[in-house]
Amino acid sequence: ERKSTIIYGNPGFFVVQLWKNRVWALERTGDLGILEDGKFKVIKSYPQLKGAEVRKLFLHNDLLHILLFTGKVLRFDGNTLSSMPLAEKVDGDALFSAHSYHNQQLMFGSVSNGLLQVKGDGSKILANINASNGLIDNTVLSIGEDINGNLWLGLDYGIAYVEMQNALRPIFDRGATYGIEDWNNN
């Protein structure tokens, strides 16, 4: 039998995330903690998060990550909160959603720049999918992954499907291709 419990934070929770068999929550006060025995237990307090617009808690490489609307990502290892360095085009962009893709890459949904596919350490943008190259609009509000590793994006004006397992990948940005060669099955 399942039992539901309503837990109220003061003044409320930004987000919750299951991590290491515990439900972690971040209160609007900047308190990070766990929901246990029907109560919120503060693990650490972070005054710099009070008043910040936190969009998501997500897991990447067994660390809890905090996505801020301002384009910053913070990492929490269970003891310490640190800033994750991000590629210049990502850092400071208005980010709305995030997803860890096979612990090797990060996917960030932005408010005005579509989907940003980034190396797992945050250092380099691998792809930018937006309205100029396939999406119906540039606001990515949510990111989901199906069992085949493809992405589904919740947009302002609908849902988009991004086929990540496609064998064909563009190698030139807006370039003409005059010939094709099979080289080692690539």
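The values are calculated or read from the model by the stated rules, or taken from the named source; none is laboratory data. Here the structure is a predicted model, which means the values were calculated and not measured. In this analysis, Cβ positions are derived from the backbone assuming ideal geometry, glycine residues included, and neighbour counts consider all displayed protein chains. Side chains included, ligands, DNA and RNA excluded: accessible areas come from the protein's heavy atoms. Shrake-Rupley method; radii C 1.70, N 1.55, O 1.52, S 1.80 Å.
Points to keep in mind about this one:
- Positive-end extreme of charge dipole, the stretch 53-163 - chosen from 112, 144, 134 (charges on Cβ): 112
- Across the chain, the longest run free of exposed loop sites, meaning chymotrypsin sites (Phe, Trp or Tyr not before Pro) lying outside DSSP classes H, G, I, E and B with no more than 16 other Cβ atoms within 10 Å, spans 70-156.
- Around the amide H of residue 56, modelled in the peptide plane, lie the amide H atoms of 67, all under 5 Å away and 5 or more residues distant in sequence or on another chain.
- Amide hydrogen neighbours beyond the local backbone of residue 97, cut-off 5 Å, H modeled: 109
- Modelled FRET efficiency - R0 45 Å, residue 121 with residue 23, Cβ distances, 0.05 increments: 0.95
- The solvent-accessible area of residue 126, taken with every protein chain present and a 1.4 Å probe, is close to 80 Å².
- Charge context of residue 44, other residues only, Cβ under 12 angstrom, K/R +1, D/E -1: -2
- Total charge dipole magnitude, the chain, about the Cα centre, Cβ charges on Lys, Arg, Asp, Glu only, Debye to nearest 20: 680 debye
- Stretched out straight at 0.36 nm per residue, the stretch from residue 132 to residue 41 would grow longer than its current Cα-Cα span by 28.2 nm.
- Cross-link reach is defined here as a Cα-Cα straight distance under 19 Å, omitting same-chain residues fewer than 8 places apart; for residue 41 the lysines meeting it are 20, 50.
- Integer Hz, Karplus 6.51/-1.76/1.60 couplings in order for the stretch 55-70, x for Gly and Pro: 9, 6, 9, 8, 9, 8, 6, 6, 10, 7, 10, 10, 8, 9, 4, 6
- The residues of the chain have, on average, 62 Å² of accessible surface per residue, using a 1.4 Å probe with all protein chains present.
- Computed from the Cβ-Cβ distance with R0 of 25 Å, the FRET efficiency linking residue 53 to residue 157 stands at 0.65.
- The alpha carbon radius of gyration of the chain, expressed as a multiple of 2.2 N^0.38 Å, is 1.17.
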